[in-house]
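Notes to accompany the following structure.
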Amino acid sequence: MKIDRLIGILSILLQKDMITAPELAEHFEVSRRTIGRDIETLCKAGIPIRTMQGIGGGISIMDGYRMDRTLLTSKDMQVILAGLRSLDSVSGSRYYGQLMEKIQVGSSEFITGRDSILIDLSSWYRESLAPKIEIIQAAIGDRHLVRFRYYAPSGESERTVEPYYLVFRWSSWYLWGWCLKRKDYRLFKLNRMDKVCVTDKAFVCREASMPDLSNEKIFPGGIKVKVLFEPDQKWRLVEEFGTSCFKENDDGRLLFTADYTDIENLITWILTFGDKAEVIEPKEVREKIRIMIEAMIRNYRRK
């Protein structure tokens, strides 16, 4: 991943008086051209890097420059370490943990007491998720297309994508990229991706905007929903939608109201409550659930 490499290059330059581009390229297993772009990025970020050509030349940081750690408070360091630890929870290696140890060694005076923030971004699918993240990170850094098989509600398909961002949102990981099949930007859920691989075909980066991850954009609503829930399901409604999503009726049942995006997803969600939920509106959903329940009864009556 490019940001990892930039941090690594900066760390080496702060420790060495001089290093050559070929040495950096060999160390990070990338091309000299990639190192050149990285050095340019660091210069744009305000790091005073100088390069000298010829025998005895190389890349170095201007004399007298150092990173002023006093800019970081103890709270700042705790947040940085929590972020690194969270990335290691889904990493296929211990890169972030090793980086965290390097920071701690040089910043012991900033880190006091116990860790107060613990973040785990992994899931039940960690064994399959970590390799996907590692592959996609490499593809983003090297600007190579990724190819995978995607399982969506509409069916299965082979996709080739220009990868731009790895996104963690709604308790899941996603890839944001330009889909060559759809000729547009798409958000792909990593758990629905299979046989993920980096191709040998590079791509020229588009002016890729940050994905709009607002609920209104991803989940536009449009389906007005009213459902009556049994009182003992209050905890789940609060967990999933907050305390303002329902009103308590005189009989104790909870009248849930919301805008939903997809009828099939709505039905699937309602069925997870079993006999603890009764759909009032839309009538279409109520009728579909009735038909499904009757079909289920027939299935279970078979000998």
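In segment 11-31, which residues are assigned to a helix (DSSP H, G or I), touching a residue at least 40 places away in the same chain (Cβ under 8 Å) and not small (Gly, Ala, Ser)? Once the filter is applied, which keeps residues that are assigned to a helix (DSSP H, G or I), touching a residue at least 40 places away in the same chain (Cβ under 8 Å) and not small (Gly, Ala, Ser), segment 11-31 yields Leu13, Leu14.
The set of residues from segment 1-23 being in contact with an Asp or Glu (Cβ under 8 Å, 6 or more places away or on another chain) and under 18 Å from Ile61 (Cβ atoms) comprises Arg5, Leu6, Ile9. Of all residues in segment 257-272, those that are closer than 17 Å to Met292 by Cα have Cβ atoms under 9 Å from Cβ atoms of residues that are part of a helix (DSSP H, G or I) and modelled with pLDDT under 90, 6 or more apart or on another chain, in Trp269/Glu240.
How many residues are on the phi > 0 side of the Ramachandran plot and loosely packed, with under 15 Cβ neighbours inside 10 Å when one looks only at segment 135-155? Let's see the steps before the verdict.
We begin by selecting, within segment 135-155, every residue on the phi > 0 side of the Ramachandran plot; these are 143, 155.
Filter once more, keeping what is loosely packed, with under 15 Cβ neighbours inside 10 Å: 155.
Residues that pass the stated criteria total 1.
Only one entry in Thr73, Thr41, Thr20 is at pLDDT 75 or above, hydroxyl-bearing (Ser, Thr, Tyr), outside the structural domain of Leu166 (by TED's automatic domain parsing) and farther than 18 Å from Gly141 by Cβ, namely Thr20.
Is segment 200-209 home to any residue that is surrounded by 15 or more Cβ atoms within 10 Å (Cβ to Cβ) and at pLDDT 85 or above? Outline the logic, then answer.
Looking only at segment 200-209, we keep the residues that are surrounded by 15 or more Cβ atoms within 10 Å (Cβ to Cβ), and these are 203.
Pick out the ones that are also at pLDDT 85 or above and you get 203.
Taking every residue of segment 200-209 in turn, at least one turns out to be surrounded by 15 or more Cβ atoms within 10 Å (Cβ to Cβ) and at pLDDT 85 or above.
Just one residue in the set Gly8, Gly56 is modelled with pLDDT of 60 or more and outside any helix (DSSP H, G or I); that residue is Gly56. When the residues of segment 214-223 are narrowed to those that are at pLDDT 60 or above and in a loop (DSSP other than H, G, I, E, B), which ends up nearest to Cys245 (Cα to Cα)? Here the residue is Gly222. Taking the criterion of being without any contact (Cβ under 8 Å) to a residue 40 or more places away in the chain and among the basic types (Lys, Arg), the residues of segment 273-296 that qualify are Lys283, Arg286, Lys288, Arg290. Within segment 194-210, residues that are part of a strand (DSSP E or B) reach partners that are acidic (Asp, Glu) with beta carbons closer than 8 Å, at six or more positions or on different chains, in the pairs Val198/Asp142; Ala202/Asp142.
The values are calculated or read from the model by the stated rules, or taken from the named source; none is laboratory data. Everything quoted here is computed from the prediction, not taken from an experiment. As a convention, Cβ positions derive from the backbone with ideal geometry for all residues, glycine included, and neighbour counts pool all protein chains shown.
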